[in-house]
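In what follows, a structure is listed as structure tokens, so that the remarks can point back to it.
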Amino acid sequence: MIRKYRIGNPIETDSVVADLPVEDGPVPYYEKVNGKNEMVLPMDKKDRVYGLGETVRGMNKRGFIYTSNCSDDPVHTEDKRSLYAAQNFFVLWGKDRGFGMYVDTPGQVSFDIGYTAKDFFSICFEDFDAYLYVIEGRSILDIVKQFRAIIGKSYVPPLWAFGFGQSRWSYMNEQQVREVVDQYEKADIPIDSVYLDIDYMDGYKDFSVSEERFPDFEAFVKEMAEKNIHLVPIIDAGVKIEKGYDIYEEGIAGDYFCKKENGENLVAAVWPGKVHFPDFLNEKARRWFGDKYKLLLDCGIDGFWNDMNEPAVFYTEDHLHEVFEQIRELEGKNLDIRSFFRLQDMVTSLANNEADYKRFYHDYKGARYRHDKVHNIFGYNMTRAAGEAFERLSPDKRILMFSRSSYIGMHRYGGVWCGDNKSWWSHLLLNIQQMPALNMCGFLYSGADVGGFGADVTEDLLMRWTEFGIFTPLFRNHSAEGTRRQELYRFTDTESFRNIVRLRYSLIPYLYSEFMKAVSNDDMLFKPLCFAYPEDDMAYETEDQLLVGESLMIAPVYKQNAGGRYVYVPEEMKLCRFRSYDDYDTEIVEKGHHYIAAALNEVLVFIRKGHALPMAVPAGRTGRIDYSALRYECFDCGSDAYSLFADDGISRL
Ligand code: GLC
């Protein structure tokens with residue numbers, strides 16, 4: 001049962017597609033604390049909280065404060081309250097009660113889940129305006145499914161987007177891209193896509209291609225397509241200010257950019273230097289920007305990633321001016337503790353400055369809103385611009401799209417990646433823990449940068465991370481400029497990397513089938529154990545294992561130098577310890593705690609009782625997977641226990 005409440009005067013976000021009546025009366029469970037614009041719920045000792053999508057920390061969110069405020073922050077340490085996403089849905093599940101809630105408002109929302117006061121859960125939001133959806137159900141999963149049913153079906157990418165992707169900031173020219181593909185072929189490691197980061201552009205200008213680096217882009221896309229490699233360019237939110245640059249000129253002529261209070265276009269800076277931000281909230285601007293993807297679609301491109309769309313702001317012209325003035329005042333002075341810190345703070349807070357988000361406005365649904373009031377739906381609407389355009393421009397064929405910033409509702413137009421993580425073991429665990437929370441909020445096509453984006457990866461971390469990445473729909477190795485090169489063929493044990501990625505290709509029929517079922521049934525691909533074994537107390541305690549689809553449980557190894565790990569097995573299961581598609585051993589493991597050995601090149605996969613896992617002979621590309629020759633790994637059943645969903649992988653549904 002879902003009840004919708006209106007508090008104050010909320011701004012519509014288009015995240016919920018179902019038309020529900022607004023209830024009268026107070027919001028159940030929560031009390032409003034007088035004058036403080038905050039709703040408070042006393043929590044029971046047994047209450048656990050799941051959801052909130054892409055955030056730091058474990059699966060049970062209790063014990064910290066999370067603020068939905070889409071942020072360009074590349075340091076995802078556990079003290080961070082905000083990452084790139086705003087996904088305001090959670091389920092509180094306790095001994096005698098459980099409910100889900102979606103706080104639908106495009107400004108900041110904070111969820112203080114026992115941070116200020118251990119046993120109280122308080123929610124605060126911008127101006128105290130929001131639609132609240134309160135959902136009751138038989139189980140956590142039932143609540144999630146009801147929620148998913150009102151927000152619309154999740155985005156479906158083409159099948160090739162389940163293949164392995166190699167990325168780097170940046171491959172600088174076509175020769176470097178060619179070399180990556182050649183090296184993968186030489187190492188016989190399957191791959192379906194190579195990503196083009198910002199340097200493919202001419203001066204970081206959206207929808208441009210550098211003629212110097214890619215002299216005949218269309219021919220190059222074709223050359224790659226002939227090898228069944230998809231090139232996936234990045235698109236950034238800011239449009240470079242440059243006379244004669246067609247996108248800029250059109251944006252000015254059409255009046256599509258975000259304005260300051262005085263009516264002038266906001267001047268901010270990102271990679272290209274000074275930019276204007278398209279007003280993605282404005283329907284006309286959205287349509288205009290979306291149509292620009294055609295420039296690249298026409299070259300044969302069929303996938304994109306949208307970036308810097310929180311939006312990330314290096315500085316605004318106005319704020320930079322203020323800072324320079326203040327610095328000039330300080331010049332020559334003997335700076336003491338306070339003035340020195342003030343100076344330091346002025347410089348380090350230039351980027352993504354809170355005050356800058358109050359300097360510009362949007363023209364949204366016929367009204368004018370200051371950016372901070374609608375901040376969390378900016379990236380969503382950039383990706384919506386693309387998604388809506390793809391429906392017009394590519395009515396028959398699915399296009400790959402994922403975004404860094406997101407809000408619920410965007411899950412209908414694209415997936416997400418979890419932004420600039422680091423090559424840290426703790427971020428491998430974070431990746432594992434973020435997946436089910438993203439799924440709860442509708443983001444099924446998702447993943448993190450495998451191997452970690454920032455910092456230098458080590459071979460063992462990359463191998464363990466790849467062993468987990470083979471289960472995530474988006475399976476992309478990406479790393480930052482200046483860090484150690486991270487392509488799999490650069491490491492000593494190429495054979496193991498080859499076997500692990502080949503294992504992914506064996507799993508694609510199953511993963512795709514389970515993904516598509518999750519889309520059509522409003523289900524989750526990744527579930528915490530307690531979602532499937534609600535009566536089992538230990539299942540609630542287990543936060544480093546996942547169920548993947550109906551047949552599998554995985555227990556990734558995420559610790560340095562570990563030769564295995566403790567695994568909680570919630571019912572009798574069949575363990576497959578894969579070194580490769582052909583080389584593996586199996587054993588039946590009883591319900592309970594086990595120490596399971598897993599050498600560095602071994603992947604632990606548990607098959608649930610009465611379930612089967614279809615596996616394909618490994619192929620070098622998704623398109624070469626032979627669906628007619630599937631082997632079934634079964635536990636206590638036959639292959640007919642599994643019903644495989646397959647389609648052409650490209651036609652729109
Ligand atoms: C941002 C993105 C990262 C990309 C970089 C350069 O940091 O999150 O993935 O490589 O920008 O475009």
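The values are calculated or read from the model by the stated rules, or taken from the named source; none is laboratory data. The shown structure was predicted, so the numbers you read here are calculated from the model rather than taken from an experiment. All Cβ positions, glycine included, derive from the backbone under ideal geometry; neighbour counts span all protein chains shown. Accessible surface areas use protein heavy atoms only, side chains included; no ligands, DNA or RNA. Shrake-Rupley method; radii C 1.70, N 1.55, O 1.52, S 1.80 Å.
Structure summary
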{"quantity": "Some residue of the stretch 390-399 being within 25 Å of Q108 (Cβ to Cβ) and of a type in the set (A, V, I, L, M)", "calculated": "no"}
{"quantity": "Verdict on F402 being within 19 Å of D72 (Cβ to Cβ), crowded, with 19+ Cβ neighbours inside 10 Å and out of contact with any Phe, Trp or Tyr (no Cβ under 7 Å at 6 or more places or on another chain)", "calculated": "no"}
{"quantity": "Selected residue [within 18 Å of R168 (Cα to Cα), part of a loop (DSSP other than H, G, I, E, B) and open to solvent by 10 Å² or more (accessible area, probe 1.4 Å)] from T483, T492", "calculated": "T483"}
{"quantity": "Leading residue by the ranking (most open to solvent (accessible area, probe 1.4 Å)) among those in the stretch 148-172 that are over 19 Å from the mean Cα position of the chain (by Cα) and away from the ligand (no atom under 16 Å from the Cβ)", "calculated": "A149"}
{"quantity": "Qualifying positions in the stretch 241-298 - more than 16 Å from the ligand (Cβ to nearest atom), touching a residue at least 24 places away in the same chain (Cβ under 8 Å), over 22 Å from Y413 (Cα atoms) and assigned to a loop (DSSP other than H, G, I, E, B)", "calculated": "I241, E242, Y245, C258, K260, E261, L266, V267"}
{"quantity": "Long-range neighbours under 9 Å by Cβ, at least six apart or interchain, first residue on the phi > 0 side of the Ramachandran plot within the stretch 300-311, second assigned to a strand (DSSP E or B) and more than 10 Å from the ligand (Cβ to nearest atom)", "calculated": "G300/L231"}
{"quantity": "Checklist (1) touching a Pro at 6+ places or on another chain (Cβ under 7 Å); (2) within 14 Å of the ligand (Cβ to nearest atom) applied to W417, failing item", "calculated": "(1)"}
{"quantity": "Exclusive hit being open to solvent by less than 70 Å² (accessible area, probe 1.4 Å) and out of contact with any Asp or Glu (no Cβ under 9 Å at 6 or more places or on another chain), set Y195, Y184, Y256, Y248", "calculated": "Y195"}
{"quantity": "From R384, R368, R392, residue being away from the ligand (no atom under 16 Å from the Cβ) and outside any helix (DSSP H, G or I)", "calculated": "R368"}
{"quantity": "Per-region count, the stretch 105-119, residues farther than 30 Å from D14 by Cβ and of a type outside the set (D, E, K, R)", "calculated": "4"}
{"quantity": "Elements of type strands (runs of 3 or more DSSP E) contained in the stretch 537-653, each with 2 or more residues being free of Cβ contacts under 8 Å to residues at least 40 places away in the same chain and buried (at least 21 other Cβ atoms within 10 Å of the Cβ)", "calculated": "564-569"}
{"quantity": "Lone unmet requirement of (1) more than 16 Å from the ligand (Cβ to nearest atom); (2) at pLDDT 95 or above; (3) open to solvent by 20 Å² or more (accessible area, probe 1.4 Å) for F314", "calculated": "(1)"}
{"quantity": "Residues (touching a residue at least 40 places away in the same chain (Cβ under 8 Å) and closer than 21 Å to V548 by Cβ) located in the stretch 466-495", "calculated": "E467, F468, I470, F471, T472, P473, L474, F475, R476, N477"}
{"quantity": "Hits in the stretch 61-80 (condition: within 16 Å of the ligand (Cβ to nearest atom) and open to solvent by 20 Å² or more (accessible area, probe 1.4 Å))", "calculated": "S71, D72, D73, P74, V75, K80"}
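Conditions (1) in the same structural domain as V144 (by TED's automatic domain parsing); (2) under 25 Å from D582 (Cα atoms); (3) of a type in the set (D, E), marked per residue:
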| position | (1), (2), (3) |
| --- | --- |
| E514 | no, yes, yes |
| V519 | no, no, no |
| D522 | no, no, yes |
| F526 | no, no, no |
| M538 | no, no, no |
| L546 | no, yes, no |
| P556 | no, yes, no |
| K559 | no, no, no |
| A562 | no, yes, no |
